[in-house]
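**Q** Handing you this structure, nothing more for now.
Each value in this text was obtained by applying a stated rule to the coordinates, not by laboratory testing. Please read all numbers here as calculations on a predicted model, not as lab measurements. Glycine also receives a Cβ, built like all others from the backbone with ideal geometry; neighbour counts cover every protein chain displayed.
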Amino acid sequence: MELPILISGLDAGAFFALVALAYYVFFRSTGLINFAVGSYAMFSGMTVAYLVKEVGVTAWVAVPAAIASAVVISVLADYLIIRPILRRTTEEFAPVMAFVAVMFVIEQVAGILFGHRGVTGDYYLYGVFRISNFSLDHQSVFAFAATIAVFAGVWFWLRYGRYGRMLRAAGDNEHGARALGLPLPMIRLAALSTGGFLCGVAGILVAPAVALDIESHLRFATAGFIAFVLGGSKSAWACLAGGLLLGLIEAISARYLGGAYRDYVLLLLVLTVLTLRPQGLFHLSVRS
């Protein structure tokens, strides 16, 4: 494999993996697939790009503000939109309606705040590493290293942190967790905050790489979901594997088949995985 293709695939895959990890956290805590995660990431990316390019604030201020915006939106969307819809109806389609409502609201708010044209953020680090005849910019190394650090932190929190362990327990058996007196509202808040944080980090890392607009969330949500499906639900690291695999497949297909065939390759990949291994590459087994 050519080195530029490998770097491009890993660069995109790191972003896909972060969104997939947000899916994983929401799924482990609620049992639902939160398709609004793409909206949270988009809003964070547009926030940091807008603050740096249009307002003129430094990245030291814009980055925490963008991540905080994703966390706040994640929590508010659950309390103001998702929960009220789920309380009013018991239909199986209700969660989908709730998440679509959240996506629509965030898209409209982003359009009001940032406009409808694409925005791109500045690099956080400049300079390049020279590898033979190929150059690797510091920004890509920083984004990949930050992704690995976030995965390690979330894995450690879920495995050893108090609320992380309670989140996993509640996700495995909510009725049992309630019977044991676990603080389910606080556990849900921790999951919402963590998922929002992950989307916020994904957004600020992708902002310098692509032009973001109010419809970017659709591609983010789709790519993150595919990465989540590929990796499976065994652990946080499964999302990293799924994201990197997706990024590499996307880069290879775009290089050798052309960008026009990339989406067809991804569709074929999803159909193949769902047919042959619907539980993903790594599957979570819960003891009864």
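**Q** Need the full-extension length gain, Leu76 to Leu267, defined as separation in residues times 0.36 nm minus the C-alpha distance. One decimal, nm.
**A** 65.5 nm
**Q** Principal axis lengths of the stretch 13-150 from Cα atoms, whole Å, largest first?
**A** 59, 32, 22 Å, listed from the longest principal axis down.
**Q** Find the all-direction average of the projected area of the Cα convex hull for the stretch 153-235, expressing the result in square nanometres with one decimal place.
**A** Average projection, Cα convex hull of the stretch 153-235: 6.7 nm².
**Q** Using 7 Å Cα-to-Cβ label points, what is the Leu184/Ile5 separation (nm, one decimal)?
**A** Here the answer is 5.0 nm between the modelled labels.
**Q** Using the Karplus equation 6.51 cos²θ - 1.76 cosθ + 1.60 (θ = phi - 60°), what ³J(HN,Hα) coupling, rounded to whole Hz, does each residue of the stretch 262-274 give in order, writing x for Gly and Pro?
**A** Result, ordered by residue: 4, 5, 5, 5, 5, 5, 4, 4, 4, 4, 5, 5, 5 Hz.
**Q** Give the angle, between 0 and 90 degrees and rounded to the nearest 10, that separates the Cα long axis of helix 236-256 from the longest principal axis of the Cα atoms of the chain.
**A** 40 degrees
**Q** Right, something else. Give the label of the value calculated from the structure for Kirkwood radius over Cα pairs in Å, choosing from (1) 22.2; (2) 18.3; (3) 19.4.
**A** Checking each listed value against the structure points to (3).
**Q** Something else now. May I ask you to compute the full-extension gain from Ala169 to Ala65, defined as 0.36 nm times their residue separation minus their alpha-carbon distance, rounded to one decimal in nm?
**A** Length difference between fully extended and current span is 34.3 nm.
**Q** How would you order 16-22, 222-228 from highest to lowest mean count of nearby Cβ atoms within 10 Å?
**A** 16-22, 222-228
**Q** Taking the stretch 110-186, which trypsin sites (Lys or Arg not before Pro) meet the DSSP loop condition and have no more than 15 other C-beta atoms within 10 Å?
**A** Here the trypsin sites (Lys or Arg not before Pro) that fit, given the DSSP loop and packing criteria, are Arg117.
**Q** Among 240-246, 188-194, how do they line up from the highest to the lowest mean number of other beta-carbon atoms within 10 Å?
**A** 240-246, 188-194
**Q** Please list the non-local residues whose amide H lies under 5 Å from the amide H of Asp137, H modeled 1.01 Å from N, same-chain partners needing a gap of 5 or more.
**A** Phe129
**Q** Moving on. Using the alpha-carbon centroid of each, what span in Å lies between the stretch 8-63 and the stretch 197-273?
**A** Answer, in whole Å: 13.
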